[in-house]
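The next block holds one structure in the form of C-alpha cells; read it before the comments.
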Amino acid sequence: MARSALSFPGYVTALGFLTLLLLLLPLRSIAGRHDYHDALRKSILFFEGQRSGKLPPDQRVRWRRNSALHDGATAGVDLTGGYYDAGDNIKFGFPMAFTTTMLSWSVIDFGRTMGPELRNAVRAVKWGTDYLLKATAVPDVVYVQVGDAYSDHNCWERPEDMDTLRTVYKIDRAHPGSDVAGETAAALAAASIVFRSRDPSYSRLLLNRAVRVFEFADRHRGAYSSSLHSAVCPFYCDVNGYQDELLWAAVWLHKASRRREYREYIAKNEVILRAGDTINEFGWDNKHAGINVLISKEVLRGRADYFKSFQQNADGFICSLLPGISHPQVQYSPGGLIFKAGGSNMQHVTSLSFLLLAYSNYLSHANKIVPCGETSASSALLKRLAKRQVDYILGDNPLGMSYMVGYGARYPQRIHHRASSLPSVGAHPVHIGCKAGSRYFLSPNPNPNQLVGAVVGGPNSSDAFPDSRPFFQESEPTTYINAPLVGLLAFFSYHP
Ligand SMILES: *[C@@H]1O[C@H](CO)[C@@H](O)[C@H](O)[C@H]1NC(C)=O
C-alpha cells in the first residue's frame, strides 16, 4: 500500500487520548529520577567493549584484549580497528557507518550537555572514522565487511581467539554499493562536523573523503545486496534500496560543506521521498525519516524554505508516532514501549526517540508545533514521549528491569555476546576453540564479563523478556541501539 506522508489518520479517538495520557504517566509514581548521567557514561563505555584491533593504553574495558590484528591482510590492505556490530565478531561496514553517523549526530546536537563524557563520545566517533578512512583509502573502492558471517556464527568464540574466516569484501565500479557507500559518506561528513573545531585537519580529511566516496556512490549506482548478496544477506541486506542513502549522504554533505551542489542534488532527488510505505521509518536500512527531520532543522530556522516539503514529511512522521493514533507501522506494548516487528526492537525505540527529541528541539527554537489532523503535538509533548521511552529502557517498565547492562538494580545477565559470555583472556589465557565455546553459550549462569552500557534487543510486544542467550532478538546488544541513545541520555542528563 502506497502511503504518502500526509495520509496518516488525522483523528484521535477518545480511547486514543486515554491511551496517550496513560502512556505519559510514570509507571510507578514512586520511581525516583534516573541517573541519566551515569547511564550516559555507560552507554558510551559500551563502545570500548565492541572495539576490534589493537586497543589503546587508555582502554577502560580491561577484560577485552587486542583482536583481529591481521584484518585486511588477505587483500593486502590494513583493515584493523573498527567495531564489531553486536554479539558476534564480524565487522559489517553498513551498520558500522550508520552507528558512526548517529554517534556524530548525538554529539552535534547534544554534545553541549555531555559534560565530561563529551571527550569519550568524540573518541567513540573517532574509533569509527579511523576505520572508515582505512576502508575508503583506495579511490572507487570501499571495503564493506571483514569476516564470513556463516563461519563466525557457526562458532562461539572470543574475538581474541578468532580462527574463523576473515574474508574481506569490497565494492568497486564493477560491483557497486550505493547504499553502503552512501552511508559511509554520510558518516564521514557528519563526523567532519564533530571535529571541525576540535581537530580541523582531521575534519578536512573526513570531509574530503566523504565528497569522494559520495561521488563514487552516486556515479556507480547499485545495491551492495546485489553485488555481494551471499556475504551480506540476510545479515545486513539493504531491502529498502539505495536512494535514501544517497540523499542522506547529500544532506550531511550539505550540512558539513554548505556547497550549493548538494543543495541542488537534494532538490533534484527530493521526489524519491514523496511516496512509499517506508517514509516513516528510520534505522540502518532506511534513512527516510532521518532525512526529513535533519533537513527540517534548516527549514525551521528559516534558512531553507525551498525544502518545506521535507518538513511536511517530518510532521507526518511525528504524527505517526503519537500513541493513540492508530498507525499500522508503530505499535506500543501494554507497558508503553514503542514496538515494531522484526527483532532487536530497541533499535527502533532509540532511533525513533532520537528523532522525536531532535525534532522537538528544532520546533521549540522556531516556536512551532506539529499539526496532526484534528489535534497537534507540541515540542514539550515530543520530549515527554522520548523521555518515556528512555525511562522504560532504564527500568520504568512492567518487569522493573533496566535493559542496560550495569545500570540499575536488575538488568540482563545473559546477553547474547561472545566476548561477554566467555571467560576473559585474563581469567582464562588458554585458547577456547570454535565449538568449545558452546558450553558457555548454553550455560544458565550469568555472563562472566559485564559489557557495561550494552542495551539489548529488549522485551517482546507483551513486555516479557527471557534473559537467555539463545533468544538473540531479545538479548543481543548492537552498536546502533546505543548510538542514538547517547544523544538522548545527554539531553536528559541535563534536563531531567
Ligand atoms: C512474550 O513472551 C512471553 C514469555 O515468554 C510469552 O508468554 C508471550 O506470549 C510473548 N508475547 C508475544 C506477543 O509473543
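Each reported figure results from applying straightforward, stated rules to the coordinates on display, with no laboratory input. Please read all numbers here as calculations on a predicted model, not as lab measurements. We place every Cβ from the backbone using ideal geometry, glycine too, and count neighbours over all the protein chains shown.
For His417, no residue 5 or more places off, or on another chain, has a built amide H under 5 Å of its own. Listed cross-link partners Lys255/Lys308; Lys54/Lys287; Lys340/Lys383; Lys340/Lys387 are compared with a 23 Å cut-off, the Cα-Cα value being larger for Lys54/Lys287. Within the same chain, lysines fewer than 8 places from Lys170 are excluded, and of the rest, those with a Cα less than 20 Å from its Cα are Lys91, Lys134. Averaging sequence separations of C-alpha pairs under 8 Å and six or more residues apart, then dividing by the length of the stretch 374-448, give the relative contact order as a whole percent. Contact order relative to length: 21 percent.
Across the stretch 14-494, Cα pairs under 8 Å and at least six residues apart give a relative contact order of 21 percent. Once the Cα-Cα distance is subtracted from the 0.36 nm per residue extended length, the Arg259 to Ser438 segment shows a gain of 59.1 nm. Put a dot 7 Å past the Cα of Leu205, heading toward its Cβ, do the same for Glu374, and the two dots end up 5.9 nm apart. The length gained on full extension between Val138 and His495, counted as 0.36 nm times the residue separation minus their Cα-Cα distance, comes to 124.1 nm. For Ile295, Ile193, the sequence from fewest to most other C-beta atoms within 10 Å is Ile193, Ile295. The 3J(HN,Hα) values that the Karplus relation (6.51, -1.76, 1.60; θ = phi - 60°) gives for the stretch 195-204 are, in residue order, 9, 3, 9, 6, 7, x, 6, 5, 4, 5 Hz. Gly and Pro appear as x.
Each peptide among 358-370, 384-396 gets the average number of other Cβ atoms lying within 10 Å of its residues, and from highest to lowest they stand as 384-396, 358-370. Close amide H contacts of Asp85 (hydrogens built in the peptide plane, cut-off under 5 Å, sequence separation of 5 or more or a different chain): Ile90, Phe92.
With neighbour counts taken as other beta-carbon atoms within 10 Å, the residues Arg258, Arg469, Arg221, Arg41 rank, fewest first, as Arg258, Arg221, Arg41, Arg469. Measuring max minus min along each principal axis, the C-alpha atoms of the chain give extents of 65, 54, 43 Å (largest first). Under 18 Å from the 7 Å Cα→Cβ point of Asp78, by amide nitrogen: which residues of the stretch 187-214? From the stretch 187-214, the list is 202, 205-206. Secondary-structure-derived ellipticity at 222 nm for the chain, considering helices only, amounts to -14500 deg cm²/dmol, per-run term -39500 (n - 2.57) for DSSP H runs with n ≥ 4. Annotation: amide H of Cys372 within the under-5 Å range of Ala377, sequence separation 5 or more or interchain, hydrogens built in the peptide plane.
As a proxy for reagent exposure, Val107, Val299, Val138 were ordered by neighbouring Cβ count within 10 angstrom, fewest first; the result is Val138, Val299, Val107. The calculated FRET efficiency for the pair Ser364 and Ala341, based on their C-beta separation and a Förster distance of 41 Å, comes to about 0.80.
Here r is the Cβ-Cβ distance between Arg212 and Val271 and R0 is 22 Å; the resulting FRET efficiency, rounded to 0.05, is 0.25.
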